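Everything on this sheet refers to the single structure shown next.
The values are calculated or read from the model by the stated rules, or taken from the named source; none is laboratory data. The structure displayed is predicted, hence computed values, not measured ones. Every residue, glycine among them, receives a Cβ derived from its backbone with ideal geometry; neighbour counts consider all protein chains shown. Ligands, DNA and RNA are stripped out before the accessible areas are found, and what is left, the full protein with its side chains, is counted by its heavy atoms. Shrake-Rupley method; radii C 1.70, N 1.55, O 1.52, S 1.80 Å.
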Amino acid sequence: MHDEPSNTRPPEEVQEISAPEQFAALAHPLRQRLLFALGHRPATTSQLAVQLDARKGNVGHHLKVLREAGLVHVAETRQVRGGTEQYYQRTARRMLVTEPQPAGTAAMFAGVAQELERSPAEVGLTLRHLRLSPTKARHLAETLARLVDEAEEDADDQPVHGVLVTLYQHADGAGGTGQSGGEVS
């Protein structure tokens, strides 16, 4: 018996988050953590519960919400001791949120905060405000996205690192409106 499915289909490269049920699904820190955990390989409810130190029933409920929103799917099933074991996988390697909603953004940051708390290694976290023209801001956003996209991964036996990239226009009270976007990687 093996711990991982052998023939799962690879997820899509990018999935744009735009449907209300997707935003609702993203609006919970445990669902964010489940998406992070499923970022590299499929896993069962039991494996996820152990990895995230959460109750199996709670994990199962949140996986159902993510599945109904089209953010995860059952990649493989197999028979185990008379039952059926399901391996869940993200539907995309990267989920692009082009118009973040407050609840989803708050949950994403809460999920990241929980992951940072549990990190066994030094954590890097930087917030910086820059004055940029729209052209320079777009160029910086493209450069950051390309840097993350082109990062080469090491072998499966190496630790997993999380990356959250966002560029937004600061609300300075001058009535400026800005574009913002975020992604789960």
Going by what's in this entry, would THR84 be described as open to solvent by 50 Å² or more (accessible area, probe 1.4 Å), closer than 20 Å to VAL163 by Cβ and hydroxyl-bearing (Ser, Thr, Tyr)? no
I'd like to check something: does segment 65-72 contain any residue that is touching a residue at least 40 places away in the same chain (Cβ under 8 Å), closer than 16 Å to GLN114 by Cα and over 14 Å from the mean Cα position of the chain (by Cα)? no
MET95 vs (1) out of contact with any Gly (no Cβ under 7 Å at 6 or more places or on another chain); (2) surrounded by fewer than 16 Cβ atoms within 10 Å (Cβ to Cβ): all pass except (2)
Among the residues of segment 2-12, is there at least one that is more than 17 Å from the chain's Cα centre (by Cα) and modelled with pLDDT of 95 or more? no
Is it true that some residue in segment 124-141 is open to solvent by less than 60 Å² (accessible area, probe 1.4 Å), at pLDDT below 85 and not aromatic (Phe, Trp, Tyr)? no
Total residues in segment 158-180, condition at pLDDT below 50 and assigned to a strand (DSSP E or B): 1
Under 9 Å between Cβ atoms, which residue pairs at least 6 apart in sequence (or on different chains) link something in segment 96-119 that is at pLDDT below 75 with a partner that is open to solvent by 70 Å² or more (accessible area, probe 1.4 Å)? THR98/GLU16; THR98/SER18; THR98/GLN179
Could we say that THR91 is under 24 Å from ASP53 (Cα atoms), in contact (Cβ under 8 Å) with a residue 40 or more places away in the chain and of a type in the set (S, T, N, Q) here? yes
Say we look at segment 31-61 and pick out the residues that are touching a His at 6+ places or on another chain (Cβ under 9 Å) and under 21 Å from SER18 (Cβ atoms); which of these is most open to solvent (accessible area, probe 1.4 Å)? ARG31
Looking only at segment 54-78, which residues are under 16 Å from HIS28 (Cβ atoms) and of a type in the set (D, E, K, R)? ARG55, LYS64, ARG67, GLU68
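Within segment 129-141, which residues are touching a residue at least 24 places away in the same chain (Cβ under 8 Å) and in a helix (DSSP H, G or I)?
Scanning segment 129-141 gives ALA137, LEU140, ALA141.
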Would you be able to say whether some residue in segment 68-80 is open to solvent by 80 Å² or more (accessible area, probe 1.4 Å) and at pLDDT 90 or above? yes
Candidates GLU117, GLU153, GLU122 - the one that is acidic (Asp, Glu) and under 18 Å from ARG33 (Cα atoms): GLU117
Could you list all residues from segment 13-28 that are part of a helix (DSSP H, G or I), closer than 20 Å to VAL112 by Cα and open to solvent by 30 Å² or more (accessible area, probe 1.4 Å)? ALA24
